Amino acid sequence: MEIGVITLERGEAGTIELAPAVFEVPVRPDVMHQVVRWQLAKRRQGTHKTKGRSEVKATSKKMYKQKGTGRARHGNAAGTQFRGGGVPFGPRPRDHAHALPRKVRALGLKSALSAKLAAGKLVVLDEATLPDHKTKHLATRLADLGWSSVLVMDGDSFETNFDRAARNLQTIQLLRVDGANVYDILKRDTLVLTRDAVRQLEERLG
């Protein structure tokens, strides 16, 4: 599929041919859901923890004698039924990551790219460069283009001025192609790819 290429000044910079095997695959919401869950599970720290009865600070002395009081039989105050006692079956530090086949991950990324193209939310930018690093100038250009929530993907690295200008803007997110993922693509309303990003994505997924 051939689409137009634009510049940050809203000018035209020719056209580019997008590979159908990467940008025009059937959209699979179920696969994208699997990939997003896999991504978020990997991001979890897994440091949540509660103390069991052997870890709480409490005396090991028996609360009162076993018989003759007319009350229930208890050991010490660290029991799980007491206030300040241990937590039964509480969370423990662990790794939440799970396996997902590489082909499923690739299909999810292709599906996310295709969904953006089908919805008219994929834009190809000639190059992500600015004459200076002023945040105000970049914010003005984004407003002129109508991009309120945008993910910009470039090749190996971003131009210094563009990178610095985007740091203080919550409406824009920068991502190199080697970090392309389904979650970030779906999280933003508009996906902007540079020519170099398109080429590297097609090499990676095609």
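Mind telling me which of the residues LEU138, LEU109, LEU142, LEU130 ends up being out of contact with any Asp or Glu (no Cβ under 6 Å at 6 or more places or on another chain), surrounded by 13 or more Cβ atoms within 10 Å (Cβ to Cβ) and at pLDDT 95 or above? Break it down stepwise before answering.
On the way: LEU138 fails: at pLDDT 95 or above; LEU142 fails: at pLDDT 95 or above; LEU130 fails: at pLDDT 95 or above.
Of the residues listed, the single one that is out of contact with any Asp or Glu (no Cβ under 6 Å at 6 or more places or on another chain), surrounded by 13 or more Cβ atoms within 10 Å (Cβ to Cβ) and at pLDDT 95 or above is LEU109.
Filtering region 39-59 to residues that are more than 30 Å from GLY179 (Cα to Cα), under 41 Å from the mean Cα position of the chain (by Cα) and surrounded by 10 or more Cβ atoms within 10 Å (Cβ to Cβ) leaves LYS49, THR50, LYS51, GLY52, ARG53, GLU55, VAL56.
Checking each residue in region 119-174 for being in a helix (DSSP H, G or I), under 12 Å from THR190 (Cα atoms) and under 24 Å from the mean Cα position of the chain (by Cα) picks out only LEU142.
Within region 145-177, the set of residues being surrounded by 15 or more Cβ atoms within 10 Å (Cβ to Cβ) and small (Gly, Ala, Ser) comprises GLY155, ALA165, ALA166.
When GLN81 is tested against (1) in the same structural domain as GLY11 (by TED's automatic domain parsing); (2) surrounded by fewer than 17 Cβ atoms within 10 Å (Cβ to Cβ), exactly one condition is not met: (1). Checked against the criteria, ALA166 counts as within 23 Å of ARG43 (Cβ to Cβ) and free of Cβ contacts under 8 Å to residues at least 40 places away in the same chain. Within the bounds of region 39-50, is there any residue that is of a type in the set (Ser, Thr, Tyr) and either in a loop (DSSP other than H, G, I, E, B) or over 30 Å from LEU138 (Cβ atoms) (or both)? Yes, there is a match, as at least one residue in region 39-50 is of a type in the set (Ser, Thr, Tyr) and either in a loop (DSSP other than H, G, I, E, B) or over 30 Å from LEU138 (Cβ atoms) (or both).
Restricting LYS103, LYS67, LYS62 to residues that are in a helix (DSSP H, G or I) and loosely packed, with under 15 Cβ neighbours inside 10 Å narrows the list to LYS103.
Pull up region 175-206, narrow it to residues that are assigned to a helix (DSSP H, G or I) and among the β-branched types (Val, Ile, Thr), then point me to the one that is farthest from the chain's Cα centre (by Cα). Result: VAL198.
The values are calculated or read from the model by the stated rules, or taken from the named source; none is laboratory data. All values derive from a computational prediction rather than experimental measurement. Methodologically, a virtual Cβ is constructed for each residue, glycine included, from the backbone with ideal geometry; neighbour enumeration extends over all protein chains shown.
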